[in-house]
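Notes to accompany the following structure.
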Amino acid sequence: MGTSERKQREREEREQLFLDAAEQLIAEEGFLQLQMARLAKACDYATGTLYQHFTSKEDLLMALMARQSALHLELFERIEQWQAPSRQRIFAICVAEQDFNQRQANYVKLSQYVMTEAVWENASEARRQQLLQCGQPICRIVSGIVQQAIDAGDLDPQGASTMELAYGTWALCQGSHTLDHTQGLLEAFSIPRGPMTMYRNMNRLLNGMQWQPLLDLSQPKVLQQLVQHIEQHLGIA
């Protein structure tokens, strides 16, 4: 191994050390308590060395998000491989993400925090591009499901692109998770807390899009059975 290759490997290993330590500190104390100087000290490096890897705390958080995105992608890959009608698979993303959010609570909080304007704008362009690239496989999978629905005659795009159509389901999921994690907010407006509220709203959206087959939401057991079917297939029951 040449000198340049060795230095690059050492740099990558050092960066992973910083990310590992940051992840641990965040788990113990939260995002807002993370300090670059303290992180560098915990890794036995000078603060200046840490800034050679990350231009800011926000830059580090975005790098951490990009590293953890592989866990999220695996969820979508399982749904992509499922031989089921397109409507079941697009709804399966909603169900699977609910389970994922419960098992990976810190990842979800990090995702919500990183996407705020204050963090996004203070990270480097390189880190923003890195995170966007991590999301490309997920976009491909979701748009692929939408395109299959169109090709099968289950969904009329009405001139919209596949990602425009997927955007509504994405926004509903993300918005629901954000509101659900805000303590006391749903109760203040007498909105039932729990995944079934989001599941009903998702299927109202899909029904409104005329995504076939339509689901009869007047029969609660129909939705409950569909959720159980998806959970069993994905192994999250």
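The values are calculated or read from the model by the stated rules, or taken from the named source; none is laboratory data. It should be emphasised that the depicted structure is a prediction, and the values quoted were computed from it without experimental measurement. All Cβ positions, glycine included, derive from the backbone under ideal geometry; neighbour counts span all protein chains shown. In case anyone asks, the SASA skips ligands and DNA or RNA and just uses the protein heavy atoms, side chains included. Shrake-Rupley method; radii C 1.70, N 1.55, O 1.52, S 1.80 Å.
For this structure, a couple of remarks:
- Matching entry among 71, 60, 50, 110 (being surrounded by 20 or more Cβ atoms within 10 Å (Cβ to Cβ) and either outside any helix (DSSP H, G or I) or at pLDDT below 90 (or both)): 110
- Of the helices (runs of 4 or more DSSP H) lying entirely inside segment 158-237, those containing at least 3 residues that are surrounded by 16 or more Cβ atoms within 10 Å (Cβ to Cβ) are 162-180, 195-208, 220-234.
- For segment 1-39, a residue qualifies if it is small (Gly, Ala, Ser), in contact with a helix residue (DSSP H, G or I) (Cβ under 6 Å, 6 or more places away or on another chain) and either more than 19 Å from residue 119 (Cα to Cα) or surrounded by 12 or more Cβ atoms within 10 Å (Cβ to Cβ) (or both), and the qualifying residues are 21, 22.
- Tabulated pairs, segment 80-107, first closer than 15 Å to residue 155 by Cβ, second open to solvent by 30 Å² or more (accessible area, probe 1.4 Å), C-beta under 6 angstrom, 6+ apart or interchain: 86/148; 86/154
- Scanning segment 139-159 for residues that are over 15 Å from residue 88 (Cβ atoms) and either touching a helix residue (DSSP H, G or I) at 6+ places or on another chain (Cβ under 9 Å) or not small (Gly, Ala, Ser) (or both) yields a count of 9.
- Contacts under 8 angstrom Cβ, first residue in segment 181-193 being farther than 19 Å from residue 104 by Cα, partner assigned to a loop (DSSP other than H, G, I, E, B), 6 or more apart: 186/192; 186/193; 187/193
- Residues considered: 100, 91. Of these, the only one that is at pLDDT below 90 and among the aromatic types (Phe, Trp, Tyr) is 100.
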